[in-house]
1. Counting just the residues of the stretch 70-102 that are within 11 Å of the ligand (Cβ to nearest atom) and in contact (Cβ under 8 Å) with a residue 60 or more places away in the chain, which one comes out farthest from G32 (Cα to Cα)?
2. Please go through the stretch 30-70 and pick out each residue that is within 22 Å of A146 (Cα to Cα) and in a strand (DSSP E or B).
3. Within the stretch 76-95, track down each residue that is of a type in the set (A, V, I, L, M) and closer than 9 Å to V123 by Cβ.
4. Quick one: T29 ticks every box in (1) more than 16 Å from the chain's Cα centre (by Cα); (2) of a type in the set (S, T, Y); (3) at pLDDT 95 or above except a single one, so which number is it?
5. How many of the residues making up the stretch 127-146 are in a helix (DSSP H, G or I) and over 14 Å from the mean Cα position of the chain (by Cα)?
6. Take the residues in the stretch 149-164 that are assigned to a helix (DSSP H, G or I), touching a residue at least 12 places away in the same chain (Cβ under 8 Å) and within 8 Å of the ligand (Cβ to nearest atom); name whichever of them is surrounded by the most Cβ atoms within 10 Å (Cβ to Cβ).
7. Working carefully through the options I169, I117, find the one that is surrounded by 11 or more Cβ atoms within 10 Å (Cβ to Cβ), β-branched (V, I, T) and not in a loop (DSSP other than H, G, I, E, B).
8. When the residues of the stretch 105-114 are filtered to those that are outside any loop (DSSP other than H, G, I, E, B) and free of Cβ contacts under 8 Å to residues at least 40 places away in the same chain, which remaining residue is nearest to the ligand (Cβ to nearest atom)?
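The values are calculated or read from the model by the stated rules, or taken from the named source; none is laboratory data. None of the values given here were measured: they were computed from a predicted structure. Ideal geometry is used to build each Cβ from the backbone, glycine not excepted, and the neighbour counts take in all protein chains shown.
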Amino acid sequence: MTDNAATTGQAAMTDKAATKGKVLVTYGTTNGSTAEIAEAVAGVLGKAGLTAEALPARSVTSLAPYDAVVVGGGLYAGRWHKDARRFVRRHRRELAARPVWFFSSGPLDASAAERDIPPVRGVHRAMIQLDVRGHVTFGGRLEEGAKGRVARMILRSGKGGDFRDFTAIEKWAAQIAGDLARG
Ligand SMILES: Cc1cc2nc3c(=O)[nH]c(=O)nc-3n(C[C@H](O)[C@H](O)[C@H](O)COP(=O)(O)O)c2cc1C
């Protein structure tokens, strides 16, 4: 092998190593709680040496730059946020070819911290179709200033609050990093 060939080979390997760990953490959100969870996940993946980007699902046009994808949706009336649903529909072929994890941000009570809450039906179906590696329901958040009439009604009835557990979120993200490191 000439010096040149060795250098080229090395460059190719470096490129591969760099792209091998590029993870998209994408989300559908109305009031920002799911976005914050996605950012926390991306932060942990970044600290673990991966390249991670947290982006709104409606802004992503291609999965070509990414080796793995985490998709999260806020729960609304028993369904994932529409941006997360549309994202999965639009990119199903690319998702099926990559390691994928899902998460949901939902209940406005402590139940997510007390037990595993299974994915809602549509999310469960997508998990089977795409062979998704895992799903967790983290608690939700609803606070003053939230959009929508129903949101304001819930707040008036005193049922708002922040039920997200960032320790659990970070632990889950670290497991994803470990899984990706193992290949
Ligand atoms: C109108 C409305 C409907 C909701 N429906 C559900 C639901 O069906 N299941 C659930 O677990 N949480 C439900 N929630 C709680 C939200 O999922 C929670 O606030 C979540 O964190 C919102 O995410 P976002 O801030 O990213 O939009 C609802 C909240 C609102 C305002």
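1. It comes out as L75.
2. Within the stretch 30-70, A54, L55, P56 meet the criteria.
3. Within the stretch 76-95, A84, V88 qualify.
4. Among (1) more than 16 Å from the chain's Cα centre (by Cα); (2) of a type in the set (S, T, Y); (3) at pLDDT 95 or above, the lone unmet condition for T29 is (1).
5. From the stretch 127-146, those in a helix (DSSP H, G or I) are 127-130; that's our starting set.
Pick out the ones that are also over 14 Å from the mean Cα position of the chain (by Cα) and you get 128-130.
Final tally of qualifying residues: 3.
6. If we take residues in the stretch 149-164 being assigned to a helix (DSSP H, G or I), touching a residue at least 12 places away in the same chain (Cβ under 8 Å) and within 8 Å of the ligand (Cβ to nearest atom), then A151 is surrounded by the most Cβ atoms within 10 Å (Cβ to Cβ).
7. When all the criteria are applied, what remains is I169.
8. Residues of the stretch 105-114 outside any loop (DSSP other than H, G, I, E, B): 105, 111-114.
Subset that is free of Cβ contacts under 8 Å to residues at least 40 places away in the same chain: 111, 114.
On the way: S111: 9, E114: 14 Å.
This residue is S111.
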